[in-house]
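Here's the structure we're looking at; comments come further down.
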Protein chains: 2
Amino acid sequence: MVEIHRGPLAESRHAGHAVICDATGGIVQAWGDPDAMILPRSSAKMIQALPLVASGAAEAFHLAEPQLALACASHQGAPLHVAAVEAWLKDLGLEEEDLRCGPEVSRDKALRHAMIRDGEAPCQLHNNCSGKHAGFLTLTEHLGAGPEYTAPDHPVQQAVLEMFETVTGLTSPGFGIDGCSAPNYATTMHGMARAMAWYASAQDRSDILATSAARLVAAMYAYPDLVAGEGRACTLLMRAALEPVAIKTGAEGFFIAILPGRGLGVALKIVDGATRASECAFAALLVHLGVVDPGHPDVRRFLNPPIHSRSGLLAGEIRPAAGFPV
Amino acid sequence: MVEIHRGPLAESRHAGHAVICDATGGIVQAWGDPDAMILPRSSAKMIQALPLVASGAAEAFHLAEPQLALACASHQGAPLHVAAVEAWLKDLGLEEEDLRCGPEVSRDKALRHAMIRDGEAPCQLHNNCSGKHAGFLTLTEHLGAGPEYTAPDHPVQQAVLEMFETVTGLTSPGFGIDGCSAPNYATTMHGMARAMAWYASAQDRSDILATSAARLVAAMYAYPDLVAGEGRACTLLMRAALEPVAIKTGAEGFFIAILPGRGLGVALKIVDGATRASECAFAALLVHLGVVDPGHPDVRRFLNPPIHSRSGLLAGEIRPAAGFPV
């Protein structure tokens, strides 16, 4: 799907799978193997947040739309994300130590350097998943469940599994432990694209799951800065989009898009897990679908990024392989 | 060649090429495509340093063995590397600004954090290639050539090209600009493995190229801490080896080994360029050859590294794919 060009050759190559589904769950277009079994990782966050809304917990705890966006986020631990999650926990009467995501160094360079200068250790609020975990804690409180909310048999994770199998239309064969210690359920590429199409068509249905899903999708594209952060692909591509779209990356080369205006769902996985390739291939898919303009600078930076030497010479470029997407 | 396991599946997969050559230049064993065209990147540093020794420049400038190791190094910019290159430049009557490798943030965490705390910007001495560039500058001085020693038509780079084609036994189809702005010549996997076997058998020949090559190989395994640094694969695998071996990684998933005791050369490239995969596959190749013990902790950390969540749960592992190497 993607090639790294340097000098006279494609120095490295990345293979991938991609599936576009419509509201019927059928495949509109596919590359690679639609039946490949995958872990969607953080691309499944809007599924992991669905019980939070559908259960009534979000309503009961008066969550605002930015909090729903944060529940679906892999944020970069910038001050706005950290402060928002901290305030959310305070509203719940909880503290940083109630999180179970583990500490992570902030991906926001200014904050990271300031913390090094001040001798401050990163905490769980800086973890890119801390918004999702604040959502898990809200549901935990709503259900009156125990504090170990990342355990696979905890009511929160059992609720996530039920939603996951509902929206993918498949029984999950199992789960992996994600970087934030929560279970991450496996499905096929087709299952994940079908789930995203289910979200994309949610606004046309009136049941509680559908209205909850539509609220999460709307929150994601209303707050692209909360879903990821400055300079990040999800944020920039959502901002550059010519129509409403929710975009979410996941570890190991995953990306999804939800297109409510068309009822389409998109899932993409780079086989080797490389982010540089998933960003390029996903930007190419969005161009192919007409969701973004290939000339937009924030599209070009992912679609066709130049490679420079450390003294600034142009050394090569990352680009979609010939034949992808067309 | 390598799989990333998490939960119920191999979440990501890495393909690769590997070739083992003997002193005749013939292939002893190969995986993937021996004719694949590649850029060896920093795995070619002992070739880029060959004119430095063969020209008499190393002798004329009284270079000691640690400097020959640094000329072949991708060091991590730790204080010992930075100080050694700085002293070398001073011996030449040159300064940091005479380098053309560009600045790079030190890969040594303690130094990197100290520099952030002190508000110090990284300089060219911290660039992982600064030892190679000190070697280029030494040869430049010896030849009385101009200061732009990374230009492809500069006498230093022309000398490197001549050596590269001699030791690979192939005409190079061209070059890419490396991260340090020097040309990096293309060849095949077979060409690169043949070059490494040529180095591995150099001590059995008495011509100036061979004696120069043997000196570089001996310097590499005499100073594994200078060739990379604490915690790095090249350093730890050379230290763990049961016999003399020179090991050198390169960007985009490259590794080579030179086995002087057997006259064998090894080259490995991960198709997608991932270091996590090249380290695992290369450790597996070294075990396969009996160069290292698979039970050694510094071999296991590359051969079979566990993947943990940020709160410390065991989530998966990186491991050689079934069938590789045997």
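Observations on the model:
- Computed E for A:Arg13/A:Asp293 - FRET, C-beta separation, R0 30 angstrom, nearest 0.05: 0.65
- Length gained when the stretch B:Asp204-B:Asp153 is fully extended (0.36 nm per residue, less Cα-Cα span): 15.1 nm
- Converting phi to 3J(HN,Hα) with the Karplus coefficients 6.51, -1.76 and 1.60 and the offset θ = phi - 60°, segment A:2-17 yields 9, 10, 9, 9, 8, x, x, 8, 7, 6, 9, 9, 10, 8, x, 10 Hz in sequence order, with x at every glycine or proline.
- Comparing A:Leu89, A:Leu313, A:Leu264 in a Gaussian network model of chain A, where Cα atoms under 10 Å apart are tied by springs, the biggest mean-square fluctuation is seen for A:Leu313.
- Under a 5 Å amide H cut-off, with hydrogens placed 1.01 Å from N, A:Gly316 pairs with A:Ile307 among residues at least 5 apart or on other chains.
- Seen through its C-alpha gyration tensor, with square-root eigenvalues sorted a ≥ b ≥ c, segment B:180-325 comes out prolate because a/c lies at 1.5 or above while a/b is bigger than b/c.
- In this structure, the residue pairs whose Cα-Cα separation is over 21 Å, taken from B:Lys132/B:Lys248; A:Lys45/B:Lys109; A:Lys248/B:Lys109, are A:Lys45/B:Lys109; A:Lys248/B:Lys109.
- Here is how far apart the A:Gly144 label points are across copies: 9.3 nm, shortest first, using a point 7 Å from Cα toward Cβ.
- Length-normalised contact order for segment B:2-320 - Cα pairs under 8 Å, 6+ apart - percent: 24
- Label zone at A:Ala121, where the point sits 7 Å out along the Cα-to-Cβ direction: segment A:148-166 residues whose backbone N lies under 12 Å: none
- Spatial separation of Cα centroids for segment B:219-236 and segment B:8-50, in angstrom: 20
- Listed by chain and number, the aspartates and glutamates whose alpha-carbon sits under 15 Å from that of B:Lys90, ignoring those within fewer than 8 places in the same chain, are B:Asp98, B:Glu141.
- Theoretical ellipticity at 222 nm over chain A - DSSP helices of four or more residues, -39500 (n - 2.57) apiece, nearest 500: -11500 deg cm²/dmol
- Shortest-first nm distances, A:Arg117 label point to equivalent points in other copies (7 Å, Cα→Cβ): 1.4
- Whole-Hz couplings from phi, Karplus 6.51/-1.76/1.60, listed for segment A:250-255; x for Gly and Pro: x, 4, 6, x, 9, 8
- The GluC sites (Glu not before Pro) found in segment B:157-237 that occupy coil by DSSP, while having at most 13 further C-beta atoms within 10 Å, are B:Glu230.
- Measuring max minus min along each principal axis, the C-alpha atoms of segment B:220-281 give extents of 31, 27, 15 Å (largest first).
- Label-point spacing for A:Glu243 across the identical copies (point 7 Å from Cα in the Cβ direction), in nm and ascending order: 6.4.
- Over the Cα atoms of the protein assembly as shown, the radius of gyration divided by the Kirkwood radius equals 1.01; this is the Rg/Rh ratio.
- Amide H contacts under 5 Å for B:Asp272, placed H, 5+ residues apart: A:Arg13, B:Ala15
- Applying 1/(1 + (r/R0)^6) with R0 = 30 Å to the Cβ-Cβ distance of A:Glu86 and A:Glu162 gives a FRET efficiency near 0.50.
- Label-point gap, in nm, between B:Thr171 and A:His113 - each point 7 angstrom along Cα→Cβ: 4.9
The numbers here are math on the coordinates, done by the rules we state, and not lab data. Quick caveat: nothing in here was measured; it's all calculated off a predicted structure. With ideal geometry, Cβ positions are generated from the backbone for all residues, glycine too; neighbour counts draw on all protein chains shown.
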